[in-house]
1. Roughly to the nearest percent, how much of the accessible area of the range 126-279 is carbon and sulfur, given a 1.4 Å probe?
2. Among residues other than Phe159 whose Cβ falls under 15 Å from its Cβ, what is the net charge (Lys/Arg +1, Asp/Glu -1)?
3. From Cα pairs below 8 angstrom and at least 6 apart in sequence, can you work out the relative contact order of the range 141-254, rounded to a whole percent?
4. Taking the Cα atoms of the range 137-189, what is the range of coordinates along each of the three principal axes, in descending order and whole Å?
5. Taking a cut-off of 20 Å between Cα atoms, list the lysines near Lys212, but don't count ones fewer than 8 places away on the same chain.
6. Per 0.36 nm of contour for each residue apart, how much would the distance between Arg233 and Val165 grow if the chain were fully extended, relative to their Cα-Cα spacing?
7. Solvent-accessible area of Lys196, probe 1.4 Å, all protein chains present, reported in Å² to the nearest ten, please.
8. Classify the range 278-399 from the C-alpha gyration tensor, please: rounded if a/c falls under 1.5, else prolate or oblate depending on whether a/b exceeds b/c.
Amino acid sequence: MGAPNDNGDDDRDSDKETSRGGNGRKLGLIILLAFVAVLSVARQVAPMTMTRSRSNSSSGEHVRAISAGIIATTSRIPAKAYNLSPFINESASNSSSALRPTTITPNTDLPTQIHQGGELSTTSLPIYLLDLTSNQTAQTTWGILAERWNRTTQYGDLFEMATSVPSLPSPVTISVRRTVVMIHCGPKTGSTTLRKACKLNLIKTCEGMELKKGQHYPEGYMDEDKLYPLIRRCTNTSHFCAKEIDMPPSFGDVPPFGDVTFVHMFPFRNYDDWAASALKQAYDRSGERGCKKTGELLERCEPSRMEIDFRKYGKTELSRFKEGVMQRMREGRGEDHMFLLYYHRELNQVLERLSDAYGVPLLPGADGKGKEKRRKGTCNAKLLRKFHNCFSSELMNLL
């Protein structure tokens, strides 16, 4: 009975050992399969991890490239004219993290003067205005000015919407530069007075200049090929009058003026008032015959060669002239330009302010009244309406 019991016990022990052995093999197989599974997952995860690592590295390089690009761009913009620091995320440019949104604070500082090498857009061209009654100076930009300057705008309206500044800007390196006041003349804004004053002043201050018989205009008045060499040669002359001329954008046409600060004066007169006065000039010159000739042109919406010509209005002249100046400034060759929009009836007082600000002499004869006495009467009002229908919508399209 004992043996069987032993055998039975042995059999039971053997069954237990067999069970343990089977479980062990199963466990080993499970471990092996688990190891294979882990190895397979590891092989899949490794490339993803490497990809993320490269992605993070690439992201860091991309951020640094963007930041470097922004900094490189701002380095080409005059510090006085622009402040782009609110647009640069400093933490992003110094780390590999992605760019984070940055709170942008509008920069209320306007550009002061156009200097060389600036990435200055046309709309950001700084323009100065003067209120002689309150003895205040204001600054705006061409973009704002062009948008607000319509048919009914008065000079006071433009001054009020401009930003108050302490004074007109100082010339760059004033010790080695001379200031040239370039007066851009137009019909019905004192051009008759200015032509005479500039003509006589040029003869007086520029060696070798003589008054020619029948000469009504100063030398270079409507000829840029003569005007700019004259400015370069006549170093003792501070005022030059010009009409319908451009500043050539190429330095090949006109070499850079590295020793001159230009003050460009453009006259302001209310548009509707200017148009009415320009049309009257056709009557003043030739009576009804002049009105008829003007009417024939307006019937075909053709511009006049006389005073009532949209191309000769102050805003139009300023819009065209600035393009050449801006192109020269972008190339950065040492030129210095400042633009001043003045009320046309305050010409002499404005010149006095410029004399105080820049040390230039006054322009003798600038206080004259060229066409103060005019004959009574004007052309039929329907001609003025035709003029507005043909041309005046373009006033707000000037860029």
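1. Roughly 48 percent of what the probe reaches on the range 126-279 is carbon or sulfur.
2. Values: positive: Arg148, Arg269, Arg345, Arg353; negative: Asp131, Asp157, Glu160, Glu346.
Taking every other residue near Phe159 into account, the sum is 0.
3. After rounding, I find 27 percent.
4. 43, 29, 17
5. List returned: Lys196, Lys199, Lys204, Lys226, Lys243.
6. Values: separation 68, 0.36 × 68 = 24.48 nm, distance 3.43 nm.
Fully extending the segment from Arg233 to Val165 adds 21.1 nm.
7. 130 Å²
8. Because a/c hits 1.5 or more and a/b fails to exceed b/c, the range 278-399 counts as oblate.
The values are calculated or read from the model by the stated rules, or taken from the named source; none is laboratory data. From a predicted model like this one, the values you see are computed outputs, not experimental measurements. So basically every Cβ, Gly included, is an ideal-geometry build from the backbone, and we count neighbours across all protein chains shown. Calculation scope for accessible area: heavy atoms of the full protein, side chains included, ligands and nucleic acids excluded. Shrake-Rupley method; radii C 1.70, N 1.55, O 1.52, S 1.80 Å.
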